[in-house]
Amino acid sequence: MNDIVPHFFVSYSRGDRDRYLDAFVKHLRKQVSDLVNIDEQHVGFRDVDNLKSGDDWKTGISTNARRSHSLVCLYSTRFFDKNRQHEYCAKEFAIFLKRNNAQYQLDEVGGQFRGAQYIFPVLWIGENDLQAVVPSLPPYAVKSIQYTYDHNEYVKNGLQWMMKKKRGAYHDILLNLARRIRDCTKQPLPPLENEIDIERMYNAFWESPEGAAAAGPAAKPADVAAATLRPGPMQLLAFEIRLSSTNVPVWIPYKNLQNPPNFATLVSDVALSPENKFDYTIQTVDPTAEGVADDVSKVLATATGKQIIPILFVHPECLGNEIARTAVKEILKNKWRGGLVIPVDEIDAEAVALIDKYRGELEAARSDQEPAVMRIAAGNASTFQTAAVSVAHAVLALIQKNGVVQQVHPHHEGLDALPRFANTTRGAGNGQ
């Protein structure tokens with residue numbers, strides 16, 4: 001086997017393979033090759049391209065899934081085959097989830113993986129077409145992994161259509177993906193050293209990982225969450241603080257829209273917007289869990305030491321629960337450099353009343369040594385973005401004030417410079 005570690009692993013359904021899919025893989029190889037200066041044959045792995053007749057295909061696929069820097073997966077109805085006649089797509093996905101040490105959290109809907117990085121879903125067909133046969137696609141287990149780019153026609157029709165009809169936009173999407181793949185190599189996922197029988201891996205789309213049922217909803221944060229992040233202020237550690245008993249399994253802070261975005265989408269929009277472009281990790285935490293204040297505080301202290309920007313996004317419902325409110329205040333008392341944002345829909349009178357009632361308690365609880373930057377994001381989705389970017393900008397200013405920033409912006413081209421956030425948004429709204 002060649003010693004060059006592939007920069008990306010292509011996971012796809014054989015039933016989708018046609019000249020357009022082959023062309024996409026060829027174009028992606030060329031684009032990434034140009035960015036990283038590795039020959040096209042070895043820069044990416046796809047079974048039909050890199051394995052020959054007579055090779056042990058099962059071992060070849062498993063080995064490359066264990067070591068490739070990123071996963072590029074082509075979403076289609078066949079890719080998520082619920083009949084499970086062709087499960088390699090789901091098993092390849094599971095290997096990358098294992099390498100991510102992704103959390104599997106149970107809630108009222110089911111189990112969902114959170115915290116996965118370097119997995120890049122590509123909409124091969126449009127979102128509506130993806131959901132026309134099985135409305136739950138993508139499966140709930142992997143729905144938090146974002147696949148949309150900021151292009152309406154791509155989301156509506158998929159990349160294959162873009163190749164046929166919108167070649168300019170197609171190449172923009174291709175370059176965006178290639179740059180993300182390139183950036184993964186700076187701090188790649190650790191490989192899995194031991195051999196894996198891929199056929200014995202669980203189905204990441206329609207099965208829970210072994211022992212997941214015992215994990216319970218909103219598992220406690222572990223110190224490894226911050227320890228595995230690359231150090232540097234272009235890393236955002238977002239804590240989704242909400243009660244696991246809430247009737248809403250996926251937090252949608254702003255509902256006054258036809259298609260309201262959930263929390264993960266809002267964070268992704270902030271992190272990957274043209275103005276910011278920084279890496280991020282999301283953890284969901286139930287503040288009523290035993291020992292959660294100490295656990296979160298340890299992670300926040302580690303993040304502060306690594307110059308990572310941690311932000312707590314607190315569901316307003318937590319303020320009305322005495323145990324949850326106390327836990328948040330205990331976290332704020334500790335010394336860590338970060339921020340707290342409370343997103344609230346301006347039409348939610350009950351949530352606004354809770355904030356008015358308890359905001360003073362939260363302000364008073366903040367540490368005198370390193371007080372957290374606080375914002376109340378009352379308004380709409382653009383208000384969330386304004387508040388999050390404002391907090392990140394303020395924390396970055398504190399980092400720069402207290403010492404020289406060593407890390408270079410991981411996404412920039414050109415001369416090295418101190419990383420900065422542009423405190424702008426694409427829409428109106430103000431964090432308060």
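Coordinate-derived values only; no laboratory data. On a predicted model such as this, the values are computed, not experimentally measured, just so you know. Note that we place each Cβ from the backbone using ideal geometry, even for glycine, and neighbour counts take in every protein chain shown.
Converting phi to 3J(HN,Hα) with the Karplus coefficients 6.51, -1.76 and 1.60 and the offset θ = phi - 60°, segment 327-332 yields 4, 4, 5, 4, 5, 5 Hz in sequence order, with x at every glycine or proline.
In plain terms, the chain from E193 to V352 could stretch by 52.2 nm, reckoned as 0.36 nm per residue minus the Cα-Cα distance. Residues whose amide H lies under 5 Å from that of D55, counting only those 5 or more places away or on a different chain, are absent; hydrogens are built 1.01 Å from N in the peptide plane. Sorting 324-337, 184-197, 31-44 by average packing, meaning the other beta carbons within 10 Å per residue, from highest down gives 324-337, 31-44, 184-197. Using the Cβ-Cβ distance between K164 and K401 with R0 = 41 Å, the FRET efficiency computed as 1/(1 + (r/R0)^6) comes to roughly 0.20. Here's how it looks for A378: its modeled amide H is under 5 Å from those of V344, Q432, which are all 5 or more places away or on a different chain.
Less than 5 angstrom separates the built amide H of Q235 from those of I309, all sequence-distant by 5 or more or on a different chain. Would you mind classifying segment 138-180 by shape? Square roots of the alpha carbon gyration tensor eigenvalues, ordered a ≥ b ≥ c; an a/c under 1.5 is rounded, otherwise it is prolate if a/b is larger than b/c and oblate if not. Oblate shape, in that a/c is at least 1.5 and b/c is the bigger or equal ratio.
Listed values for segment 48-60 are Karplus-derived 3J(HN,Hα) couplings in whole Hz (6.51 cos²θ - 1.76 cosθ + 1.60, θ = phi - 60°), namely 5, 8, 10, 10, 9, 4, x, 6, 7, 5, 4, 5, x, and x replaces Gly and Pro. Once both labels are modelled 7 Å past Cα along the beta-carbon direction, what's the V48-H151 spacing in nm? It is 2.3 nm. Working from label points 7 Å from Cα in the Cα-to-Cβ sense, the K333 to I4 distance is 5.7 nm. Let me make sure I get this right: for segment 8-200, a, b and c are the square roots of the gyration tensor eigenvalues over alpha carbons, sorted descending. Under 1.5 in a/c it's rounded, otherwise prolate if a/b > b/c, else oblate. Which is it? Because its axes are fairly even, with a/c under 1.5, segment 8-200 counts as rounded. Which FRET efficiency, nearest 0.05, do T59 and N101 yield, Cβ-Cβ r, R0 22 Å? Approximately 0.40, to the nearest 0.05. Of the peptides 371-378, 290-297, the order by per-residue mean of other Cβ atoms within 10 Å, starting with the highest, comes out as 371-378, 290-297. Rounded to whole numbers, the Karplus 3J(HN,Hα) couplings from phi for segment 266-272 are 4, 5, 4, 4, 5, 5, 9 Hz, using 6.51 cos²θ - 1.76 cosθ + 1.60 with θ = phi - 60°, and x at Gly and Pro.
The stretch between Q41 and K255 holds 72.3 nm of extra length on full extension. This uses 0.36 nm per residue minus the Cα-Cα distance.
Taken along the Cα-to-beta-carbon direction at a fixed 7 Å, the label points for D294 and R179 span 4.5 nm.
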